[in-house]
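A.B. asks: One structure follows; several queries about it will come next.
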Amino acid sequence: MSDPARRPTAVIVGASATGLLAATALAGCAEVTIVERDHLPDGPTSRRGVPQARHAHLVWSGGVKALDELLPGVADEVVSRGGRLVHIMGDMVSRAPNEVWFRRFQATHHRNLVCSRNLLDAVLRERVLADERLTVLQNTTALELQGNAHRVTGVRVDSGGEISTIGADLVIDASGRGSHTPQWLTGLGVARVAERTVDAGVAYATRLFRAPHSAADHGFPLINVQANPAKAPGQGGIILPIEDGQWIVTLSGTRGGEPTSDPDAFLDFALGLGDPVIGELLKNAEPLGGVATTRSTANHRRYYEKAKRWPEGLLVLGDAIASFNPVYGHGLTVAAQCALAVRDIARTTPLMAAGTARRLQRAAARPVGAAWDLAVGQDAFYPGATDTPPNAAERFLSRFVDRAVETGAVNPRALEALLDVMSLERPAARLFSPDMLIPMLFGPKKPRLQGPPLSEAERKTATS
């Protein structure tokens with residue numbers, strides 16, 4: 001019989017953003033140990049376990065709210081160290097996938113957190129690991145789950161050649177895209193769950209720039225030219241003003257139109273986008289280092305929440321459930337919302353109770369599913385992206401979303417509804433609310449823009 005006075009124990013595999021936030025979510029109700037294969041750096045420094053850190057990242061407003069619920073004041077702390085809470089769309093120049101330019105309305109409440117990934121991770125590490133209730137085992141690799149098909153009882157680890165087992169009432173896999181949970185479950189006798197991949201074939205190339213002197217302050221807008229699935233290969237790019245007067249510039253292209261690691265080709269690729277605004281703004285920016293590339297951009301989902309049998313004591317979170325095309329920027333927001341869902345259940349339900357693991361897994365699937373539908377709703381239309389072409393319902397929804405984007409681009413009421421969904425603050429049903437449908441039916445308040453809504457002053461500061 002278990003001791004009712006004993007605090008539950010949890011082991012988290014991976015000190016990723018997902019793992020750190022999960023640790024915070026459980027710190028109040030369990031003894032938490034984080035198992036991390038790398039050595040964690042001090043300060044905003046790159047590390048091996050986050051190879052995507054060089055590319056552009058942001059946290060949508062739905063994620064900012066979740067972060068601040070888990071770690072009150074953390075967004076302000078990032079801002080105090082050079083990050084920025086960006087008004088969407090007021091502080092953003094954006095062309096949608098259907099080539100509609102958004103007007104820069106100031107009416108919405110949405111604020112996205114923008115900074116380098118290294119800065120965000122550093123702030124999260126400092127805040128989370130300062131909690132004395134947490135134990136971190138660095139340079140320690142998780143080898144396999146312990147237990148059986150009915151209950152996971154811990155994880156076997158390798159600490160510099162020393163093999164041991166850490167017992168736990170709950171094991172959380174927060175190890176990201178490279179998760180070994182499918183193989184580990186098979187080893188326990190649990191059937192593999194259904195999986196789906198939608199791969200638009202996107203390649204990314206990122207280069208860091210020092211912004212032109214007069215554009216280096218916090219007032220310069222984000223510049224975003226999104227790819228159009230109807231015109232394959234789809235190509236796009238983003239200028240993300242970050243701390244220390246720098247710009248992260250990420251360019252993307254699908255099969256047949258990928259950017260390369262050649263520094264001499266970077267500017268020409270940017271000038272060749274559907275609108276040359278990014279390339280024009282880079283002409284007077286100073287490159288800082290070379291070009292980082294990646295092709296690990298497929299949308300991949302594992303439907304753990306639908307498993308017929310799910311072992312007690314196991315939870316999978318973040319990219320280990322589903323990884324997304326980074327162009328949509330939803331990974332960090334999903335991580336924060338998953339952790340918040342875990343915290344809310346753990347506050348009222350004993351971790352050792354029967355059915356708790358399945359309940360947690362299903363709760364985590366909700367923010368994952370919302371981001372998945374948004375990403376796949378675009379990427380499934382690229383040639384070769386999926387073995388199962390979009391069905392009639394998906395094609396209808398895609399056309400409706402295109403119309404919603406076109407309406408939101410010129411109507412502030414519709415834009416609010418659109419951003420509620422894009423930011424993962426509200427479910428997709430929000431797009432069918434009167435705020436969207438009335439402007440859609442009765443036409444826009446303003447004409448469509450014919451080009452990027454940069455002011456003359458903004459152009460001058462970046463090009464002079």
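A.B. asks: Read phi for every residue in the stretch 331-339 and hand back ³J(HN,Hα) as whole Hz from Karplus 6.51 cos²θ - 1.76 cosθ + 1.60, θ = phi - 60°, with x for Gly and Pro.
C.D. replies: Along the stretch 331-339, the couplings run x, 5, 5, 5, 4, 5, 5, 4, 5 Hz.
A.B. asks: Looking at the calculated P(r) for the stretch 424-464, what percent of the C-alpha pair distances fall above 13 Å? Walk me through the numbers before you get to the answer.
C.D. replies: Values: 576 of 820 pairs.
In whole percent, the long-distance tail amounts to 70.
A.B. asks: Now a separate question. Using all alpha carbons of the chain, what is the percent of pairwise distances in each 20 Å bin, ordered from the shortest bin to the longest?
C.D. replies: 24, 56, 19, 1
A.B. asks: For the stretch 1-133, which whole percent of the accessible surface, found with a 1.4 angstrom probe, sits on carbon and sulfur atoms? Write out the running numbers ahead of the final one.
C.D. replies: Numbers: 2600 of 5070 Å².
Whole-percent figure for carbon plus sulfur exposure: 51.
A.B. asks: Among bridges DSSP assigns within the chain, what percent are antiparallel (round to 5)?
C.D. replies: Values: 51 of 72 bridges.
Around 70 percent of the beta bridges assigned by DSSP in the chain are antiparallel ones.
A.B. asks: From zero outward in steps of 5 Å, how is the percent of C-alpha pairs of the stretch 223-333 spread across the bins?
C.D. replies: P(r) over the stretch 223-333, rounded to whole percents: 2, 10, 18, 20, 16, 12, 8, 5, 5, 3, 2, 0.
A.B. asks: Here is a follow-up. Of all accessible surface on the stretch 194-250 at a 1.4 Å probe, what whole percent is carbon and sulfur?
C.D. replies: Values: 940 of 1860 Å².
Carbon and sulfur atoms account for 51 percent of the accessible area of the stretch 194-250.
A.B. asks: Less than 29 Å apart at the alpha-carbon level, and either on another chain or at least 8 residues along: which lysines does that give for Lys231?
C.D. replies: Counting by Cα, and skipping residues close in sequence, Lys231 has these lysines nearby: Lys283, Lys445, Lys446.
A.B. asks: Another one. According to a simple spin-label model (label point 7 Å from Cα along Cα-to-Cβ), what is the distance in nm between Arg403 and Val50?
C.D. replies: 4.2
A.B. asks: Could you pull out every residue, at least 5 positions away or on a different chain, whose amide H is within less than 5 Å of the one on Glu144? Hs are placed 1.01 Å off N in the peptide plane, and Pro or chain starts have none.
C.D. replies: Amide H neighbours of Glu144: Arg156.
A.B. asks: Calculate, in whole percent, how much of the Cα-Cα pair population of the stretch 327-464 lies beyond 27 Å. Display every interim value, and only then the final one.
C.D. replies: Details: 3988 of 9453 pairs.
Cα-Cα pairs of the stretch 327-464 separated by over 27 Å account for 42 percent.
A.B. asks: Evaluate the Debye formula for the stretch 293-354 with equal point scatterers sitting on the alpha carbons, no solvent, and hand back log10 of I(q)/I(0) at q = 0.19, 0.23, 0.29 Å⁻¹, in q order, two decimals.
C.D. replies: So the normalised log intensities work out to -0.84, -1.07, -1.30.
A.B. asks: Using alpha carbons only, how many angstrom separate the centre of the stretch 124-195 from the centre of the stretch 344-393?
C.D. replies: When both Cα centres are located, 21 Å separates them.
A.B. asks: Among the GluC sites (Glu not before Pro) within the stretch 1-84, which fall in a DSSP loop and have no more than 11 other Cβ atoms within 10 Å of their own Cβ? Could the numbers behind the result be given before it?
C.D. replies: On the way: sites: Glu31, Glu36, Glu69, Glu77; in loops: Glu36.
Answer by residue number: there is no such site.
A.B. asks: For the chain, what's the relative contact order in percent, using C-alpha pairs closer than 8 Å and at least 6 residues apart?
C.D. replies: The normalised contact order for the chain reaches 20 percent.
A.B. asks: Something else about it: Beyond 16 Å, what percent of the Cα pairs of the stretch 352-419 remain?
C.D. replies: Working: 1444 of 2278 pairs.
Percent of Cα pairs beyond 16 Å in the stretch 352-419: 63.
A.B. asks: Still on this structure, I have one more. For the stretch 83-228, what's the radius of gyration and Dmax over Cα atoms, in angstrom?
C.D. replies: Looking at the stretch 83-228, its Cα Rg and Dmax stand at 22.4, 62 Å.
A.B. asks: With θ taken as phi - 60° and the coefficients 6.51, -1.76 and 1.60, list the Karplus ³J(HN,Hα) couplings across the stretch 189-205 in order, rounded to whole Hz; mark glycine and proline as x.
C.D. replies: x, 9, 5, 5, 8, 5, 10, 9, 10, 10, 10, 6, x, 7, 10, 10, 9
A.B. asks: Determine the per residue accessible area of the chain with all protein chains present and a 1.4 angstrom probe, expressed in square angstrom. Mind showing how you got there, number by number?
C.D. replies: Values: 19250 Å² over 464 residues.
Value returned for the chain: 41 Å² of accessible area per residue.
A.B. asks: Round to the nearest 10 and report in Å² the accessible area of Lys446, as given by a 1.4 Å probe over the protein chains' heavy atoms.
C.D. replies: 90
A.B. asks: Tell me the mean residue ellipticity at 222 nm calculated for the chain from its helices only (DSSP H runs of n ≥ 4, each -39500 (n - 2.57), averaged over every residue, nearest 500). Intermediate results must be reported in sequence, preceding the final value.
C.D. replies: Details: 13 runs with 148 residues, N = 464.
Helices in the chain give a 222 nm mean residue ellipticity of -10000 deg cm²/dmol.
A.B. asks: In the stretch 413-432, whose amide N lies under 12 Å from the spot 7 Å out along Cα-to-Cβ of Ile438? List them in ranges.
C.D. replies: Residues passing the 12 Å test: 413-414.
A.B. asks: Now for a separate question. Could you give me the ³J(HN,Hα) list for the stretch 427-440, computed from phi with Karplus coefficients 6.51, -1.76, 1.60 and θ = phi - 60°, whole Hz, x at Gly and Pro?
C.D. replies: x, 4, 4, 4, 5, 9, 7, x, 4, 9, 5, 5, x, 5
A.B. asks: Okay, moving on. What number do you get for the stretch 1-124 when its Cα radius of gyration is normalised by 2.2 N^0.38 Å, N = residues?
C.D. replies: Working: Rg = 18.2 Å, N = 124, 2.2 N^0.38 = 13.7 Å.
For the stretch 1-124, the normalised Cα radius of gyration comes out at 1.32.
A.B. asks: What FRET efficiency comes out for the pair Thr186/Asp131, r = Cβ-Cβ distance, R0 = 35 Å, nearest 0.05? Write out the running numbers ahead of the final one.
C.D. replies: Details: r = 35 Å, r/R0 = 0.99.
Approximately 0.50, to the nearest 0.05.
The values are calculated or read from the model by the stated rules, or taken from the named source; none is laboratory data. Given the structure is predicted, the values throughout are model-derived calculations rather than measurements. Note: ideal-geometry Cβ built from the backbone for every residue, glycine included; neighbour counts use all protein chains shown. Heavy atoms of the whole protein, side chains included, go into the accessibility calculation; ligands, DNA and RNA do not. Shrake-Rupley method; radii C 1.70, N 1.55, O 1.52, S 1.80 Å.
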